[in-house]
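Q: Below is the structure I would like to discuss, written out as structure tokens.
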Amino acid sequence: MKNKIIAIISLFCLLSSPVIAQTITGKIVDEKQKPLPYIGIILSTLPDSVYVASTVSRSDGSFELSAIEGEKYSILLSFLGYEPIRKSCEVGSLGTLVMKEDVQVIKEVVVIAQRTKHSADGYTVNLRASDIVKGKQTADALTFLPGVTKEDTRLKINGLTVSEIYVDGVKLTNLDELNRLPADMIDKVKVNYLAGGNQNASASGGTIDITLRQPPKGGFYGSLSAGADYSSKNGISSEDLGGVIYYRYKNLSLYNNLSLNWNNYRESAEQTIWNTSSSLITQIYEESRIKGFNATNRLSLTQQIDKWSKISGSYYVSTNRQNPFIETVSNDKSTISSQDITLVQEATVKYSSTLNERGASLEVVGDYYNRRASYDSHYLFENEAQKKSYYESSLDLWKLSADITHPLSEKISLKYGASVQLISSAYDPTISESQHFPISVIPTRTKGLIPHAYAQAMGAFWKIQYSVGINWQLNGIEYEELDKIGEKISNTQWGINPTVQMMMPVGESGKNALMFNYKHSLDDIPYAAISSTIRWIDPYNYTVGNPYLKAPTYDILMGGVSLFGNIFNITALYIKANNSIYWETKQSSAEIFYTTPINLPSQEAYGVGVELNLNPVKQWKMKLSSRLEVHPENLTIAGVHYGDTRFRQYHTLNNNFTFKQGWGAMLNAIFEPTYRDYDRTYHAIYNIGGQIYKSLFKDALQFTLNFNALGNRRRYDRNANGNTISYHYTTPVQSIGLSVRWRFSGGKKVQVSATEGMQGYKDIKDIR
């Protein structure tokens, strides 16, 4: 009651007399007296801790907050990797505030992520000056983080494929951009176990947000790199050049990432077709050669309009020209030679504005993505005259989104927004002469509409941090064949998709944590698998789309515990899928088989993963992880019933070594035992590889020797119509690569911004 009376009296005073508005100022530095930019600052009243204002420190460490003379306040300064500062204050200058580094060290065993901070949706780790980033590319360094693995060319978090990766706000189109970033440029990494409610419902996996560190001398920084790979079969099989630069002039930020790659490699394989009824075995030997060139570039410009708002633009372009040649030797000799040309472009415009001093913000983004491809193929079968085919495909994506973030208090924040995406794709065959190698001769058009809206709340109560969201998404699609019949197929799906994420620290030390995540997701329209495009993998196998496909839905439940500051982690996973896409194998003729995507009914999968992160000695960091998945089967495909319970395992061992005088090394091993998936059997694979590097001139110049020492290539079997088709890659895995990288930096210390692309081509194809 007393507080209410005081509040009423204060209100009358405010109405009857002018308020004297002043400021609270100060400067933030580290223990070496270097200015600290972008430190989070929150001002609240005393003694009731009511939120007043918030800001971040400028590039020179200074800050300024509006306040009322005569009032007493509490000010909180916080930033990942530093001990927070909280003190009482009034209007005026606070002088110079020194923030100390917060480094957690456990006796005898040092936690791999020494500066890890858990949150409701995942964790953030400060990698500045960490040993795991020295001498590595970013893609390699990420595999040393808790829960992150690299399987084939994909990054996974707790066994789920990463949905999106960002570097300073730039959404990566492929891992090549990530590979061109030296890992020691990283300041911090935010790992989200599952995509939040603000992202498209199709983003069922986790996300990775990478923030690059500020350069030692500011202004601009980057790197130039060159490399080549060698193997006994291919000789020099790949050569690449690349470079990345960040630069700022006054209020204009520039980001550019360029890559050039030349490839010329050969692959050997064996294919066996066994007819189980006649016991007839057909052995096919295959030699393939792919020679080509790829160039990509991303340019991003950001103009700071004033202290409240900025506008950004990004342009991404990638051209890929490949000339694959495949030759098979069996009873029949056949070849396929092609010229495949792909051009991808993406343009993005983003406007961002801070709406008030409390931190409410608005972001509006417009994005256009365009992909054009042409395929010119020549076929030769036995003694027939050479035949050919030519077709073109195109994809256009338009997307517009608006997002608002609204902090309600120091502990609760709301985020809500909406987006709409338009899809248009076309397939146009112009030449089709081959009977043995048919392609679809019917032009097709596909149109799609995906509206999306969401609301999300983030905050904390008691010890629990939470993030709760819900989104609504509709998938509308229309597929049309442009022949005389002109068949049209349309399908509409929609869903309400909740997301719940929670984290609770356990124990006074804060080194143990429990986490819980749930997400319901509706996948995007599978436009790449709907098309009638026929893709010849080799002269005996092709794939073709299915216009009746539906978008899959998933329910994902994830729980876990992190112990002793991420030294030991346990994760459990449950997934229920409806309409998941599976590639069914069918027989076209005596020796030709094809796969086509189908929707499977309800399926369930369970998984558990364990992970151990150790630092046995100062120079050696080790990460050992194992995952077991259980897949019960109970359905019929092509008249064959599958009712067994399948088990799948995956094991990795990552080692990082850091020595004196700029020497370092990495040694990694993976092992995946044989597993079954309905009509397919994937045989065991293993691989041992790593790198040795030497840094010179205060780490400005680095030479790296990459190697693949030992391994077993994939062999997999398929079953169709009483036949078992076995395919085995036989090219030796042994290879070495040499690369050189030059890092540069200089100028004034500034913050550099970049703009993300929103969309990307989602290819849905059968694996090989």
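Q: Excluding same-chain residues fewer than 8 positions from residue 550, which aspartates and glutamates have a Cα within less than 19 Å of its Cα?
A: Candidates past the 8-residue exclusion: 478, 480, 481, 487, 523, 524, 584, 604, 763, 766.
Q: Now for a separate question. Using the scaling law 2.2 N^0.38 Å as the reference, what is the normalised Cα Rg of the range 380-486? If you can, show how the numbers build up before the last one.
A: Working: Rg = 24.6 Å, N = 107, 2.2 N^0.38 = 13.0 Å.
Normalised Rg, Cα atoms only: 1.89.
Q: Could you compute how fast the range 450-524 diffuses translationally, taking Rh as the Kirkwood radius over C-alpha pairs and applying Stokes-Einstein at 20 °C with viscosity 1.002 mPa s? Give it in µm² per second.
A: Working: Rh = 15.7 Å.
Rounded to a whole number, D works out at 137 µm²/s.
Q: What length, rounded to one decimal in nm, is gained on full extension from residue 357 through to residue 279, with 0.36 nm per residue of separation minus their alpha-carbon distance?
A: Stretched out fully, the residue 357 to residue 279 stretch lengthens by 20.3 nm.
Q: Continuing with the same structure: Check residue 82: other-chain or 5+ apart residues with amide H under 5 Å from its amide H, H built from backbone geometry?
A: Long-range HN contacts for residue 82: 102.
Q: Taking the Cα atoms only, what angle lies between the long axis of helix 2-16 and the longest principal axis of the chain, rounded to 10 degrees?
A: Computed tilt is about 80 degrees.
Q: Just from its helices, what would the mean residue ellipticity at 222 nm be for the chain, if runs of 4 or more DSSP H residues each count -39500 (n - 2.57) and the sum is divided by every residue, rounded to the nearest 500 deg cm²/dmol? Intermediate results must be reported in sequence, preceding the final value.
A: On the way: 4 runs with 29 residues, N = 768.
Calculated mean residue ellipticity at 222 nm is -1000 deg cm²/dmol.
Q: Ok, one more. Roughly how big is the chain's charge dipole about its Cα centre, with Cβ charges of +1 (Lys, Arg) and -1 (Asp, Glu), in debye to the nearest 20? Intermediate values should be presented prior to the final figure.
A: Details: 78 positive and 73 negative charges, 513 e Å.
The calculation lands at about 2460 debye.
Q: For the range 633-697, with only Lys/Arg (+1) and Asp/Glu (-1) charged at the beta-carbon, what is the dipole magnitude about the Cα centre, in debye rounded to 20? Intermediate results must be reported in sequence, preceding the final value.
A: Details: 6 positive and 5 negative charges, 85 e Å.
With Lys and Arg at +1 and Asp and Glu at -1, about 420 debye.
Q: Hey, another quick one. Based on the inverse mean of 1/r over its pairs of different Cα atoms, what is the Kirkwood hydrodynamic radius of the range 647-699, in Å?
A: Working: mean 1/r = 0.0736 Å⁻¹.
Taking the inverse mean of 1/r over all distinct Cα pairs, the range 647-699 comes out at 13.6 Å.
Q: When the Cα atoms of the range 546-596 are enclosed in a convex hull and the volume is divided per residue, what value in Å³ results?
A: Values: hull volume 6.7 nm³, N = 51.
About 131 Å³ per residue, rounded to a whole number.
Q: Which links in 150/618; 100/190; 463/576; 117/190 stretch past 19 Å when you go from one Cα to the other?
A: Checking Cα-Cα distances, 150/618; 100/190; 463/576 exceed 19 Å.
Q: What's the FRET efficiency of residue 71 with residue 396 using the Cβ-Cβ distance as r and R₀ = 56 Å, to the nearest 0.05? Can you show the working numbers first?
A: Working: r = 56 Å, r/R0 = 1.00.
After rounding, the FRET efficiency stands at 0.50.
Q: Can you give the log10 of the normalised intensity I(q)/I(0) at q = 0.25 Å⁻¹, computed with Debye over equal Cα scatterers of the range 576-681?
A: Debye output, listed in q order: -1.32.
Q: Take the Cα gyration tensor of the range 116-212, multiply each eigenvalue by 5, square-root it, and list the three semi-axes largest first, rounded to whole angstrom.
A: 20, 15, 12
Q: Let me ask you something else. Provide the per-residue ³J(HN,Hα) series for the range 719-728, in order, calculated from phi with Karplus coefficients 6.51, -1.76, 1.60 and θ = phi - 60°, each as a whole number of Hz, with x at glycine and proline positions.
A: 10, 7, 6, x, 10, 10, 9, 10, 10, 9
Q: Return the Cα extents of the range 562-627 along principal axes one, two and three, sorted largest first, each rounded to a whole Å.
A: Sorted from largest, the Cα extents of the range 562-627 read 62, 29, 11 Å.
Q: Please name whichever of 498, 182, 430 sits farthest to the positive end of the charge dipole of the chain, dipole taken about the Cα centre and charges placed at Cβ: Lys and Arg +1, Asp and Glu -1.
A: Going by the Cα projections, it comes out as 182.
Q: While we're here: Taking the Cα centre of the range 116-212 as origin, work out the dipole magnitude from +1 charges on Lys and Arg Cβ and -1 charges on Asp and Glu Cβ, in debye rounded to 20. Please list the in-between numbers first.
A: Working: 11 positive and 12 negative charges, 33 e Å.
So the magnitude is around 160 debye.
Q: Just to be sure I understand: if I project the alpha-carbon convex hull of the chain onto a plane and average over all orientations, what area do I get in nm²? Could you put the intermediate results ahead of the total?
A: Values: hull surface 145.1 nm².
Mean projected area for the chain: 36.3 nm², to one decimal.
Q: Quick check on my link table: of 350/415; 34/411; 250/307; 136/623, which ones sit more than 20 Å apart, alpha carbon to alpha carbon?
A: Working: 350/415 18 Å; 34/411 30 Å; 250/307 13 Å; 136/623 16 Å.
Going by Cα-Cα distance, 34/411 fall outside the 20 Å limit.
Q: Apply the Karplus parameterisation 6.51 cos²θ - 1.76 cosθ + 1.60, with θ equal to phi minus 60°, to every residue of the range 559-573 and state each ³J(HN,Hα) to the nearest whole Hz, in sequence, with x for glycine and proline.
A: Karplus values, whole Hz, x for Gly and Pro: x, x, 9, 10, 10, 6, x, 6, 5, 10, 10, 10, 10, 10, 9.
Q: Return the long-range amide H neighbours of residue 151 (sequence gap of 5 or more, or a different chain), with a cut-off of under 5 Å between placed amide H atoms.
A: 156
Q: Another question, if that's okay. Could you name the aspartates and glutamates whose alpha carbon sits less than 12 Å from that of residue 233, not counting residues in the same chain fewer than 8 places away?
A: 267, 287
Q: How high is the relative contact order of the chain? Use alpha-carbon pairs under 8 Å, at least six apart in sequence, and give a whole percent.
A: Numbers: 2167 pairs, mean separation 88.3, N = 768.
Relative contact order, the chain: 12 percent.
Q: Same structure, new question: With point charges of +1 on the Cβ of Lys and Arg and -1 on the Cβ of Asp and Glu, referenced to the Cα centre of the chain, which listed residue (339, 557, 192) lies farthest in the positive direction of the dipole?
A: Result: 192, furthest along the dipole toward the positive end.
Q: A further question follows. So for the range 340-404, what percent of the C-alpha to C-alpha distances run longer than 13 Å?
A: Working: 1553 of 2080 pairs.
When every Cα pair of the range 340-404 is considered, 75 percent fall beyond 13 Å.
Q: Which translational diffusion coefficient, to the nearest whole µm²/s, is obtained for the range 236-351 from the Stokes-Einstein equation, given a Kirkwood hydrodynamic radius over C-alpha pairs, 25 °C and 0.890 mPa s? Walk me through the intermediate numbers first.
A: On the way: Rh = 18.4 Å.
After rounding, the answer is 134 µm²/s.
Q: Could you give the length gained on full extension between residue 588 and residue 422, defined as 0.36 nm per residue of separation minus the Cα-Cα distance, in nm? Before the final figure, lay out the partial values.
A: Working: separation 166, 0.36 × 166 = 59.76 nm, distance 3.55 nm.
Gain on stretching residue 588 to residue 422: 56.2 nm.
Q: Indicate the gyration tensor shape class of the range 482-537 (rounded, prolate or oblate), computed on the Cα atoms with a ≥ b ≥ c the square roots of the eigenvalues: a/c under 1.5 is rounded; otherwise a/b larger than b/c is prolate and the rest oblate.
A: Numbers: a/c = 11.40, a/b = 2.95, b/c = 3.87.
In terms of gyration-tensor shape, oblate.
Q: Going from the alpha-carbon gyration tensor of the range 303-369, what semi-axes, largest first and in whole Å, does one get by taking the root of 5 times each eigenvalue? Let's see the in-between values first.
A: Numbers: eigenvalues 540, 27, 10 Å².
Equivalent-ellipsoid dimensions as semi-axes: 52, 12, 7 Å.
Q: Antiparallel versus total DSSP beta bridges in the chain: what percent is that, nearest 5? Mind dumping the intermediate values first?
A: On the way: 385 of 398 bridges.
If I count the DSSP bridges inside the chain, around 95 percent turn out antiparallel.
Q: Please sort 576-582, 189-195 by packing, taking for each peptide the average over its residues of neighbouring beta carbons within 10 angstrom, highest first. Each step should come with its number before you reach the end.
A: Details: 576-582: 18.0, 189-195: 24.4.
By packing density, highest mean first, the sequence is 189-195, 576-582.
Where a number appears in this text, it was derived from the coordinates with a stated rule and is not lab data. Predicted model, so just to flag it, every value in this text is computed and none were measured. Note that we place each Cβ from the backbone using ideal geometry, even for glycine, and neighbour counts take in every protein chain shown.
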